[in-house]
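J.: Have a look at this one before I ask anything.
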Amino acid sequence: AYERRFPTCPLIPMFVASDTVNEYKSEDEAIHVIERRCKLDIDAPRLLKKIAGVDYVYFVQKNSLNRRERTLHIEAYNETFSNRVIINEHCSYTVHPDNEDWTCFEQSASLDIKSFFGFESTVEKIAMKQYTSNIKKGKEIIEYYLKQLEEEGITFVPRWTPPVACKSETNTCHPRRPVSPAINIPESATKEGLSNKEILNTSSSPSEPTAGTPDDKLDADYIKRYLGDLTPMQESCLIRLRQWLQETHKGKIPKDEHILRFLRARDFNIDKAREILCQSLTWRKQHQVDYILDTWNPPQVLQDYYAGGWHHHDKDGRPLYVLRLGQMDTKGLVRALGEEALLRYVLSINEEGLRRCEENTKVFGRPISSWTCLVDLEGLNMRHLWRPGVKALLRIIEVVEANYPETLGRLLILRAPRVFPVLWTLVSPFIDDNTRKKFLIYAGNDYQGPGGLLDYIDKEIIPDFLGGECMCEVPEGGLVPKSLYRTAEELENEDIKLWTETIYQSASVFKGAPHEVLIQIVDASSVITWDFDVCKGDIVFNIFHSKRAPQPPKKDSLGAHSITSPGGNNVQLIDKVWQLGRDYSMVESPLICKEGESVQGSHVTRWPGFYILQWKFHSMPACATTNLPRVDDVLASLQVSSHKCKVMYYTEVIGSEDFRGSMTSLESSHSGFSQLSAATTSSSQSHSSSMISR
């Protein structure tokens, strides 16, 4: 069937012609090597062809058929522009080691562009496009010629046997035994990519014993009921990986459905799938993830303010998870719970999803291995792009992608606002390509039209907040009270650590002992961003610049104040002998921040050097008309025990082009937090902006 594509093939339009350059056959006809010069009409821009001075490209292809070993090796390389571009391709048809009635097909290629008239990038794209197109057509072409052979009455090709000399005229030579029937190629499409593997299944004749033991195959009813359609190659990979786990893995062996997810995530490359599966199993054991649904109870804050929950199933029987992201106070949840608890809750959602998939498989009588997620973005705005929150989201995505591959069947994103492309730009690079293809995004009320929600979810279960009639019991979210916020030290006392780093740092500020953070800027026009909460007392926030580095920081926890600081450190950088205006300068006006306020801001740096962020104790001014303090001042001073304030802060330096192009400019955060926002006040300076939320 493969030989029939020569000298030219109508199914490959760019394959114009071919001429045999060299041919060799062994005496016993076991070896047949044929070398051809192939003429290709590459689909390239006319201008590029004109610059290159060619209309056609020539390749040399060498096919080596070994009937004794039952192999066909195909090698090809470019003859045209061989001093500028080097293309090598190798394909092989071999017998599967576990079943002699299976044919393995492997294909790989390499491309090295040394120079091409300044069009190297264009040539690379053209080559990739042509190669990918050929891979897609490979199965279609072989099927075409197999069918042609069957129409001509050729249903099998006898295997090669060594020629046997006849002993006498009365004895006839032993005929060659027909062994392999016609090849029946599976329905699964050939995979894309520079490396391509496919196993072709042949239907075994009733008189022939099937190679392998019964353990080498899965029951057909079991596959149909619990795993779905599998090609023989995919079935073989699943069996081999499961056997390897049984022989080497000492812990709990995952179910076939879960092993299959990792194989699918790596296009059934056993080595790659085994690597990520072993890493995941170690991670699950280390963090006791198998028992998370039975042993871990989500904090009440999550139950009240995490706007997500399970809601029936979609039209394909997949469990449906609804997330009202636009109504969630992401910052409040991170500040009240920490990233650890938030991640653990997301893991519990995924574990519940796996359990629901198993239940739905039994209910619907067909394999259901993934779920559908519906994300409502109504209310999403710039406040949701709070950098620590986005970083926490990216870490969650990273953990879920690594340990729950191929569990998301479809993601429906509804009512995407104008700010959504910014969030998508940040998040999408961390999402697997296969997962990204499952995303459907609807802006405004587009989900109500053709091709919208009704194509995937029955009308009877569309949630009420999307215009449906079904009451959805998902929490409505809301603003997390700041009284529930916890310090970084409190969050560090969690039992199990899934991450090691903490976003926020705590600091104590004393009267006469501010807390200072040093930031070195190499490139002018960088952007310093900050986000802090005043947990106790009132402070003054300043930003200074110095051309020279301050002395090593002095920590003051016991020092002159004789006060321990269990809830945060105190670092002082500005030397007592430094003079403002001579040794360092103030680059922003002081910002007074009251207890309970949250402040986010940014500063575009003018010069390189050393910038110092300072949180300073704020003293209450006395009444202007009398030397006697006011009652309010006395009460306020009593509330600040030992003249101590406390802040939790986070800072980061980013390039100005990244800041303006992809991340939130905090000047636009004044829009607040949808209907969830509390009263806000703002203070903007020439090169910075800050938002204060009370």
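The values are calculated or read from the model by the stated rules, or taken from the named source; none is laboratory data. Keep in mind it's a predicted model, so treat the numbers as computed, not measured. Here Cβ is always computed from backbone atoms with ideal geometry, including for glycine, and neighbour counts include all displayed protein chains. Side chains included, ligands, DNA and RNA excluded: accessible areas come from the protein's heavy atoms. Shrake-Rupley method; radii C 1.70, N 1.55, O 1.52, S 1.80 Å.
J.: Name the residue, out of E140, E152, that is at pLDDT 90 or above and surrounded by fewer than 13 Cβ atoms within 10 Å (Cβ to Cβ).
T.: Checking each option against the conditions leaves just E152.
J.: Still on this structure, please answer the following. Inspect the stretch 110-119 for any residue being among the β-branched types (V, I, T), within 30 Å of R68 (Cβ to Cβ) and not in a helix (DSSP H, G or I) and give the result as yes or no.
T.: no
J.: Test G444 against the criterion of being touching a Phe, Trp or Tyr at 6+ places or on another chain (Cβ under 7 Å), surrounded by fewer than 17 Cβ atoms within 10 Å (Cβ to Cβ) and closer than 24 Å to E476 by Cα, and give yes or no.
T.: Numbers: touching a Phe, Trp or Tyr at 6+ places or on another chain (Cβ under 7 Å): no; surrounded by fewer than 17 Cβ atoms within 10 Å (Cβ to Cβ): yes; closer than 24 Å to E476 by Cα: yes.
In short, no.
J.: Could you say which residue among V571, V534, V527 is modelled with pLDDT of 90 or more and touching a strand residue (DSSP E or B) at 6+ places or on another chain (Cβ under 9 Å)? Before you say what the answer is, go through the steps one by one.
T.: Values: V534 fails: modelled with pLDDT of 90 or more; V527 fails: modelled with pLDDT of 90 or more.
Just one listed residue meets the conditions, V571.
J.: Hey, can you tell me all the residues within the stretch 80-95 that are within 34 Å of the chain's Cα centre (by Cα) and not hydroxyl-bearing (S, T, Y)?
T.: Across the stretch 80-95, the qualifying residues are V85, I86, I87, N88, E89, H90, C91.
J.: So which pairs qualify, if the first residue must be in the stretch 128-157 and more than 18 Å from M14 (Cα to Cα), the second must be loosely packed, with under 14 Cβ neighbours inside 10 Å, the Cβ gap must be under 6 Å, and the two must be at least 6 apart or on different chains?
T.: That search, which allows pairs on different chains as well, returns Y145/R4; F156/P178.
J.: Pairs under 9 Å by beta carbon, first residue touching a residue at least 12 places away in the same chain (Cβ under 8 Å) in the stretch 454-471, partner among the small types (G, A, S) and open to solvent by less than 90 Å² (accessible area, probe 1.4 Å), six or more apart or different chains?
T.: Cβ pairs passing all conditions: I457/G468; I461/G468.
This table checks each residue for (1) at pLDDT 90 or above; (2) crowded, with 16+ Cβ neighbours inside 10 Å.
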position: N63; (1), (2): yes, yes
position: I74; (1), (2): yes, yes
position: E79; (1), (2): no, no
position: V85; (1), (2): no, yes
position: S92; (1), (2): yes, no
position: N99; (1), (2): no, yes
position: W102; (1), (2): no, yes
position: F105; (1), (2): no, yes
position: D112; (1), (2): no, no
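J.: Sort out which residues of the stretch 516-544 are closer than 22 Å to Y485 by Cβ, open to solvent by 20 Å² or more (accessible area, probe 1.4 Å) and out of contact with any Lys or Arg (no Cβ under 7 Å at 6 or more places or on another chain), and write them in order of number.
T.: Residue satisfying the conditions is V517 alone.
J.: Related question: Looking at E359, E401, which one is in the same structural domain as P298 (by the TED database), of a type outside the set (S, T, N, Q), open to solvent by 20 Å² or more (accessible area, probe 1.4 Å) and under 18 Å from the mean Cα position of the chain (by Cα)?
T.: E401
J.: Among all residue pairs at least 6 apart or on different chains, which show Cβ distances below 6 Å where the first residue, located in the stretch 72-93, is under 28 Å from A1 (Cα atoms) and among the aromatic types (F, W, Y) and the second is surrounded by 16 or more Cβ atoms within 10 Å (Cβ to Cβ) and modelled with pLDDT of 90 or more?
T.: That search, which allows pairs on different chains as well, returns Y77/V60; Y93/L72.
J.: Against the condition in the same structural domain as L65 (by the TED database) and either modelled with pLDDT under 75 or surrounded by 17 or more Cβ atoms within 10 Å (Cβ to Cβ) (or both), how does T122 come out, does it pass?
T.: yes
J.: Now a separate question. Residue check: is R159 of a type in the set (K, R) and at pLDDT 90 or above?
T.: Working: of a type in the set (K, R): yes; at pLDDT 90 or above: no.
In short, no.
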